[in-house]
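Have a look at the structure below before the remarks.
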Amino acid sequence: EIAVRIKEKLGGRVTAISMAPPHGEKALRDAIARGVDRAILLTDRRFAGADTLATSYTLASAIKKLGHFDLIVCGEKSVDGDTGQVGPEVAEHLGIPHASYVVEVKEVEKDRIVVVSDLGNAYYLLKLKLPALISVTKEVAIPRKPKFKDVLRARKAMIEVWSADDLKDII
């Protein structure tokens with residue numbers, strides 16, 4: 001939701017990437033219905049059982065394959081893990097600044113983003129130079145409800161599927 005709002009304000013494109021079994025396509029179609037422009041499913045038996053380090057490395061490799069980006073928005077955690085480590089590890093693999101536990105995006109400009117991060121005992125106002133990565137909590141925004149026409153468009157959308165072989169030149 002935050003990535004789509006930023007796109008609506010500043011322009012650009014939003015690409016959703018999910019590392020999941022083939023049924024992960026459903027979540028990507030939902031993302032397209034909510035305003036995402038492109039969706040990529042990273043799926044391969046060789047990805048199965050990956051820990052946070054392997055997952056973050058695979059995601060960072062896919063991002064490198066895509067090329068230029070300004071901002072990466074990650075969820076705080078996934079449905080199958082609760083560590084909150086993948087986003088920051090992706091940022092470290094890419095050598096970019098990052099903020100975790102983001103509860104509010106205050107400002108986005110061409111070259112920086114200002115966010116509020118809740119680190120449990122205090123809220124921090126952080127300014128990050130772009131490109132950067134933020135890991136957001138569910139409090140950051142209520143996802144929009146897709147319109148019927150957007151659901152239909154998402155059903156017809158092409159979901160790119162990348163395997164480990166598609167990332168072999170990067171990994």
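Some observations on this one:
- Residues satisfying the stated conditions in the stretch 113-124, i.e. open to solvent by 70 Å² or more (accessible area, probe 1.4 Å) and either among the aliphatic types (A, V, I, L, M) or modelled with pLDDT of 95 or more (or both): Leu119, Tyr123, Tyr124
- Residue match in the stretch 62-73 (condition: of a type in the set (Asp, Glu) and either out of contact with any Pro (no Cβ under 7 Å at 6 or more places or on another chain) or open to solvent by less than 20 Å² (accessible area, probe 1.4 Å) (or both)): no
- So Ile40, is it of a type outside the set (S, T, N, Q) and either in a helix (DSSP H, G or I) or within 20 Å of Met158 (Cα to Cα) (or both): yes
- Filtered residue count, the stretch 103-112, keeping only those that are closer than 13 Å to Ala3 by Cα and either within 16 Å of the chain's Cα centre (by Cα) or surrounded by 15 or more Cβ atoms within 10 Å (Cβ to Cβ) (or both): 3
- Within the stretch 57-71, the set of residues being free of Cβ contacts under 8 Å to residues at least 40 places away in the same chain and either over 14 Å from Pro131 (Cα atoms) or out of contact with any His (no Cβ under 7 Å at 6 or more places or on another chain) (or both) comprises Gly67, His68.
- Scope the stretch 151-164; condition open to solvent by 30 Å² or more (accessible area, probe 1.4 Å) and either β-branched (Val, Ile, Thr) or more than 22 Å from Ile63 (Cα to Cα) (or both); matching residues: Val151, Leu152, Arg153, Arg155, Lys156, Val161
- Evaluated against (1) touching a residue at least 24 places away in the same chain (Cβ under 8 Å); (2) over 25 Å from Gly120 (Cβ atoms), Gly49 falls short on exactly one condition, (1).
- Test for Ser18: is it under 19 Å from Ile170 (Cα atoms), free of Cβ contacts under 8 Å to residues at least 60 places away in the same chain, open to solvent by less than 80 Å² (accessible area, probe 1.4 Å) and not in a helix (DSSP H, G or I): yes
- Of the residues making up the stretch 125-150, those that are of a type outside the set (A, V, I, L, M) and open to solvent by 50 Å² or more (accessible area, probe 1.4 Å) are Lys127, Lys129, Pro131, Lys138, Glu139, Pro143, Arg144, Lys145, Lys147, Phe148, Lys149.
The values are calculated or read from the model by the stated rules, or taken from the named source; none is laboratory data. The model shown is predicted, which means the values in this text are computed figures rather than measured ones. All Cβ positions, even for glycine, are placed from backbone atoms using ideal geometry, and neighbour counts span all protein chains on display. The protein model used for the area step is the full one, side chains on, heavy atoms only, and it has no ligands, DNA or RNA in it. Shrake-Rupley method; radii C 1.70, N 1.55, O 1.52, S 1.80 Å.
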